[in-house]
Structures are given as C-alpha cells and as structure tokens.
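Each remark here refers to the structure printed beneath this line.
The values are calculated or read from the model by the stated rules, or taken from the named source; none is laboratory data. The model shown is predicted, which means the values in this text are computed figures rather than measured ones. Using ideal geometry, Cβ is built from the backbone for each residue, glycine included, and neighbour counts are taken over all protein chains shown. Heavy atoms of the whole protein, side chains included, go into the accessibility calculation; ligands, DNA and RNA do not. Shrake-Rupley method; radii C 1.70, N 1.55, O 1.52, S 1.80 Å.
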Amino acid sequence: MKKDTLSLLRKFVAPEYIYGAGSRKLVDRYANNFGLSKIMLVTDKGVQEAGWSKEVNDILTKAGFEVIVYDNVSPNPRDYEVMNGAKIFEDENCDSIVAVGGGSVMDCAKGIGIVVSNQTNILDFEGVDKVAIPAPPLICIPTTAGTSADVSQFCIITDTTRLVKI
C-alpha cells in the first residue's frame with residue numbers, strides 16, 4: 001500500500017450496543033467480555049426515575065464491578081456536561097463507560113470517552129476525523145430510537161459559548 005493511502009486510513013472503535021426486550025439485564029456479560037473493573041454509568045434524570053439505570057447499576061454491582069453514576073446530562077448535552085463527566089471519570093479512575101438512555105446520553109457518553117482518551121476539550125473535536133485516540137470501552141443501552149446516536153460514531157454537543165451544536 002502506498003504511503004499516501006495509509007495516511008487516509010482511520011480507525012473507529014465501535015461501542016457495544018445492547019438492544020431488545022430485557023437486554024439491559026445482560027450488561028454484566030458484556031462488561032465481563034471487555035474485562036472492565038470500574039465503570040462510569042452515564043444516564044439522565046428521566047432514565048433514573050424510570051428505574052432502568054438503577055437496575056443496570058445493581059446488575060453490574062452484583063457482578064463485582066465498581067460503578068460511578070453520572071446523570072448530569074440534559075437534552076442536547078452541553079460542552080460543560082461532557083467536561084464535568086470526563087473530570088469525574090478521571091478523578092474516579094474509571095476504565096469504561098456504560099450509557100443507559102436516549103440520544104443525549106449516548107452523545108454525552110461518547111464525548112466523555114473522547115475527552116478522556118485525547119486529553120483536551122470536547123470543542124476541539126468539531127468536524128470529522130478529529131479523534132486521534134479511540135475512547136475507552138463503551139457499552140450503550142438505548143432507551144429510545146430515532147436520533148441514530150446509538151449507531152453513529154459521531155456525537156452532537158452544544159457549544160454553550162457560541163450557542164451552536166457541533
């Protein structure tokens with residue numbers, strides 16, 4: 001292969017998606033497959049109130065995983081929510097992310113992973129092919145359908161300074 005062709009190659013590490021009736025109950029199996037130990041569970045207040053993230057947390061805890069819950073995710077996740085999540089991820093020495101929620105939760109979780117692995121602000125990744133280092137393992141358990149956040153390598157984050165989505 002020519003050197004110029006090699007420079008065009010990109011690698012995207014796909015998250016593990018769990019879907020289907022009752023699939024959240026299998027999260028411990030997927031976490032074991034990845035060899036995880038300390039998991040950041042990213043969710044939102046509505047999913048918390050529905051009890052789904054608590055159920056996932058309980059399953060993971062019972063299986064021996066340490067879980068840190070981050071539920072400060074709003075619709076159209078904001079840059080500072082991603083950055084706060086990344087700080088908690090690092091402060092708690094997490095090694096992976098499980099996202100339980102809709103498109104906003106998935107986008108925030110992906111953003112947290114990008115920031116943690118690349119050690120810079122989420123806003124530095126506006127555009128395509130900006131992520132040099134793949135994110136930590138990510139398991140997504142979607143609670144909604146329609147945004148395609150659960151099947152896309154991209155994340156949509158609100159830049160609160162410029163008041164735009166990137």
Is at least one residue of segment 111-124 of a type in the set (Ser, Thr, Tyr) and touching a Ser or Thr at 6+ places or on another chain (Cβ under 8 Å)? no
ALA99 - would you say it is touching a Cys at 6+ places or on another chain (Cβ under 8 Å) and surrounded by 13 or more Cβ atoms within 10 Å (Cβ to Cβ)? yes
Could you please find all residues in segment 121-137 being under 16 Å from GLU90 (Cβ atoms) and open to solvent by less than 50 Å² (accessible area, probe 1.4 Å)? ILE122, ALA135, PRO136, PRO137
Looking for whichever is in a loop (DSSP other than H, G, I, E, B) and modelled with pLDDT of 95 or more here; the options are GLY64, GLY127. Which one fits? GLY64
Just give me the residues in segment 1-42 being among the acidic types (Asp, Glu) and at pLDDT 90 or above, in sequence order. ASP28
Output the residues belonging to segment 19-39 that are surrounded by 12 or more Cβ atoms within 10 Å (Cβ to Cβ) and of a type in the set (Gly, Ala, Ser). SER23, ALA31, SER37
Report every pair of residues separated by at least 6 positions or lying on different chains whose Cβ atoms are under 9 Å apart, first residue within segment 75-95 and open to solvent by 60 Å² or more (accessible area, probe 1.4 Å), second among the acidic types (Asp, Glu). PRO75/ASP44; ASN76/ASP107; ARG78/ASP159; GLU92/GLU66
Checked THR144, THR160 against criteria (open to solvent by 50 Å² or more (accessible area, probe 1.4 Å), under 22 Å from SER23 (Cα atoms) and of a type in the set (Ser, Thr, Tyr)); the one match is THR144
For TYR70, indicate whether it is more than 20 Å from VAL27 (Cα to Cα) and either open to solvent by less than 50 Å² (accessible area, probe 1.4 Å) or aromatic (Phe, Trp, Tyr) (or both). no
For ASP58: the one exception among (1) modelled with pLDDT of 95 or more; (2) among the acidic types (Asp, Glu); (3) surrounded by 14 or more Cβ atoms within 10 Å (Cβ to Cβ); (4) closer than 19 Å to VAL105 by Cβ: (3)
